[in-house]
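Notes for the one structure printed next.
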Amino acid sequence: MTTSHEPTSTDGPLAGVRVVDLTTIVMGPMATRLLGDLGADVIRVETHVPELMRNFVPQRSEGMSGIALNLHRNKRSVAVDLKTDDGRRALLDIIATADVLVTNLRPAALERLDLGPSVMRSVRPDLVHCQAVGFGSDGPYAGRAAYDDVIQAVSGLASMFTWHGADPAYVPTIIGDKVTALHIALAVCAALHRRAVTGQGDDIEVPMAEVTAAFNLVEHLNGHTFEPKEEPFSYLRLRSRNRKPRRTADGWICLLPYSDANWRDFFTTVGRPELADDPRFATANDRVANADEVYGHVDTYAPTKTTAAWMAFCAEHSIPCMPITDLRALDDDEHFAAVGLLELDDHPTEGAYRVIRDPVRFASADDRTIRRHAPRIGQHNLEVLREIGWTDDDIAALG
């Protein structure tokens with residue numbers, strides 16, 4: 001569906017919550033976008049100079065990159081220079097009307113601007129103040145620069161490729177940024193609930209390195225959970241060199257027999273029914289311990305059928321299976337098209353564009369993804385500053 005209006009509805013579970021977004025790049029802006037998608041009034045405070053993600057190419061006008069159109073939707077933009085007295089006063093006056101502040105500026109930078117947590121709380125005592133950092137403030141890496149590649153390196157993620165005999169490598173997505181963004185949004189929602197119960201705000205620290213390391217250890221800590229440590233470390237099925245997409249007679253597929261019944265049906269259809277009773281493969285624990293061998297059989301027999309034939313067989317026997325989809329083709333996939341993963345919309349200044357729909361839907365609230373199109377830098381200076389009581393003379397002095 002294509003629309004051409006400028007939605008301003010604040011329906012949603014977080015309707016009535018005001019969030020100040022003092023963030024850059026992806027991690028912080030994604031977190032505040034999630035809050036905006038949930039109905040919060042997100043005011044993005046930024047400089048007049050487009051930051052990195054705003055100025056990515058392609059773009060139809062400065063500061064309005066394809067990434068920015070989705071990253072900054074459901075927000076209003078106020079552009080100020082925080083190094084000036086008027087710019088700093090504007091930020092503090094906005095915070096005085098807000099419920100939440102999310103920032104990923106380094107704590108030392110905020111202190112130099114005299115915008116530390118104590119100053120923020122002096123203007124809004126019950127503020128939920130969320131500081132996203134690269135490394136926890138009580139560790140020796142505190143204050144170091146942290147981008148996604150750095151976090152993939154230090155969190156153990158890059159080292160996982162060595163399990164297959166390869167060199168360390170980075171996952172081709174900014175997974176540390178995005179996982180941390182989810183933690184920021186979750187922490188803010190939890191703090192808002194606590195404030196609703198107690199009346200007290202909170203200071204939250206969300207460290208990117210620790211979030212990503214904890215994310216990696218969910219299944220991989222495994223035997224090292226115990227003291228003294230037991231083997232194996234990590235989930236061996238995921239370490240198998242044969243855990244990979246399968247080449248079929250005419251393409252590629254994820255073919256994933258999982259339960260005992262799945263494996264029996266698979267071995268039967270490829271003419272090796274006796275393998276279902278092989279002690280290496282008889283139970284889930286046996287198959288995990290011998291993942292290279294059991295997945296090797298899948299690799300051997302996958303090319304004996306076409307992708308369509310495997311899909312039909314797996315549907316009949318309830319075996320998990322899906323074709324390998326090119327990321328560029330997701331908008332052509334029948335399922336993602338049906339659920340509206342990508343929706344066409346019309347931006348007031350940038351024209352037609354694809355919106356990555358928020359996948360979460362609430363039966364109790366308006367679930368439109370776009371309430372506000374991504375703003376131009378400083379688009380809402382007059383609107384927001386008048387809302388907080390600034391006069392036209394005050395605004396003019398701001399420059």
Subject >> Distance-filtered residues of segment 25-45 - backbone nitrogen under 19 Å, label point 7 angstrom along Val123 Cα→Cβ >> reply: 41-45
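Taking 0.36 nm per intervening residue step and subtracting the Cα-Cα distance, what contour gain separates Met322 from Asp250 on full extension? Working shown, then result.
On the way: separation 72, 0.36 × 72 = 25.92 nm, distance 1.41 nm.
Difference between extended and current length: 24.5 nm.
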Original post:
Under a 5 Å amide H to amide H cut-off, with H placed in plane at 1.01 Å, what residues pair with Tyr141 once short-range neighbours are removed?
Top reply: none
Subject >> DSSP bridge orientation in the chain - percent antiparallel, rounded to nearest 5 >> reply: 35 percent
Subject >> Within the chain, longest stretch free of exposed GluC sites (Glu not before Pro) [DSSP loop, at most 16 other beta carbons within 10 Å] >> reply: 231-399
Original post:
Which of the chymotrypsin sites (Phe, Trp or Tyr not before Pro) found in segment 294-368 are loop residues per DSSP with 14 or fewer other Cβ atoms within 10 Å of their Cβ?
Top reply: Phe362
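Counting other Cβ atoms within 10 Å, keep those with at most 10, restrict to DSSP loop, and tell me which trypsin sites (Lys or Arg not before Pro) in segment 42-86 are left.
On the way: sites: Arg44, Arg54, Arg60, Arg73, Lys75, Arg76, Lys83; in loops: Arg60, Arg73, Lys83.
Hits after loop and neighbour filter: Lys83.
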**OP:** Could you give the size of the charge dipole of segment 30-171 about its Cα centre, using +1 on the Cβ of each K and R and -1 on the Cβ of each D and E, expressed in debye and rounded to the nearest 20?
**Re:** 200 debye
Original post:
Just how large is the dipole of the chain about the Cα centre, in debye to the nearest 20, putting +1 at every Lys and Arg Cβ and -1 at every Asp and Glu Cβ?
Top reply: 280 debye
Original post:
Given the Cα-Cα distance of Ser137 and Leu217 and 0.36 nm per residue of separation, how much length would full extension add, in nm?
Top reply: 26.7 nm
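Residues with beta-carbon under 15 Å from that of His193, excluding His193: net charge, scoring Lys, Arg +1 and Asp, Glu -1?
Numbers: positive: Arg194, Arg195; negative: Asp99, Asp126, Asp202.
Counting the neighbours of His193, the net charge comes to -1.
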Original post:
Given springs between every Cα pair under 10 Å in a Gaussian network model of the chain, which of Val128, Val355, Val270 has the largest fluctuation?
Top reply: Val270
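Just to confirm the filter: which trypsin sites (Lys or Arg not before Pro) across segment 284-380 are DSSP coil and have at most 15 other Cβ within 10 angstrom of their Cβ? All intermediate terms of the calculation are to be shown ahead of the outcome.
On the way: sites: Arg287, Lys305, Arg328, Arg354, Arg357, Arg361, Arg368, Arg371, Arg372, Arg376; in loops: Lys305, Arg357, Arg361, Arg368, Arg371, Arg372, Arg376.
Those that pass, being in a loop and sparsely packed, are Arg361.
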**OP:** Return the long-range amide H neighbours of Leu342 (sequence gap of 5 or more, or a different chain), with a cut-off of under 5 Å between placed amide H atoms.
**Re:** Arg357
Original post:
Just going by the charge dipole of the chain, with Lys and Arg at +1 and Asp and Glu at -1 on Cβ, which of Cys130, Gly199, Tyr258 is farthest out on the positive end?
Top reply: Tyr258
Original post:
Dipole magnitude of segment 246-323 about its Cα centre, charges +1 at Lys/Arg Cβ and -1 at Asp/Glu Cβ only, in debye to the nearest 20?
Top reply: 220 debye
Subject >> Straight-distance crosslink candidates among lysines, where the alpha carbon sits under 18 Å from Lys75 and sequence neighbours closer than 8 are dropped >> reply: none
**OP:** Could you tell me the distance between the Cα centroids of segment 257-317 and segment 199-253, to the nearest Å?
**Re:** 24 Å
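Net charge within 10 Å of Val298 by Cβ-Cβ distance, Lys/Arg positive one each and Asp/Glu negative one each, not counting Val298 itself? Please report the intermediate quantities before stating the final value.
Numbers: positive: Arg243, Lys244, Arg246; negative: Asp299.
It works out to a net charge of +2.
Among residues other than Leu182 whose Cβ falls under 15 Å from its Cβ, what is the net charge (Lys/Arg +1, Asp/Glu -1)?
Values: positive: Arg33, Lys178; negative: Asp37, Asp148, Asp177, Glu210, Asp358.
Once all neighbours under 15 Å are counted, the net charge is -3.
Report the calculated FRET efficiency for Lys83 and Arg243 (r = Cβ-Cβ distance, R0 = 45 Å), to the nearest 0.05.
For Lys83 and Arg243, the calculated efficiency is 0.30.
Relative contact order of the chain, please, whole-number percent, based on alpha carbon pairs below 8 angstrom and at least 6 residues apart. Working shown, then result.
Values: 670 pairs, mean separation 84.6, N = 399.
Over the chain, the number comes to 21 percent.
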Original post:
Taking the Cα centre of the chain as the origin and placing charges on Cβ (Lys, Arg +1; Asp, Glu -1), which of Pro140, Ile175, Pro232 is farthest toward the positive end of the dipole?
Top reply: Pro232
Original post:
Which peptide among 220-229, 113-122, 93-102 comes first, and what is the full order, when sorted by highest mean count of other Cβ atoms within 10 Å?
Top reply: 93-102, 113-122, 220-229
Original post:
Say a paramagnetic label sat at a point 7 Å from the Cα of Asn55, along Cα to Cβ; which residues of segment 16-41 have their backbone N under 16 Å from it?
Top reply: 24-26
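Throughout, read-outs are computed from the coordinates displayed, never taken from laboratory work. These numbers were taken from a predicted model, which means no experiment stands behind them. Cβ coordinates were reconstructed from backbone atoms using ideal geometry, including for glycine residues, and neighbour counts include every protein chain displayed.
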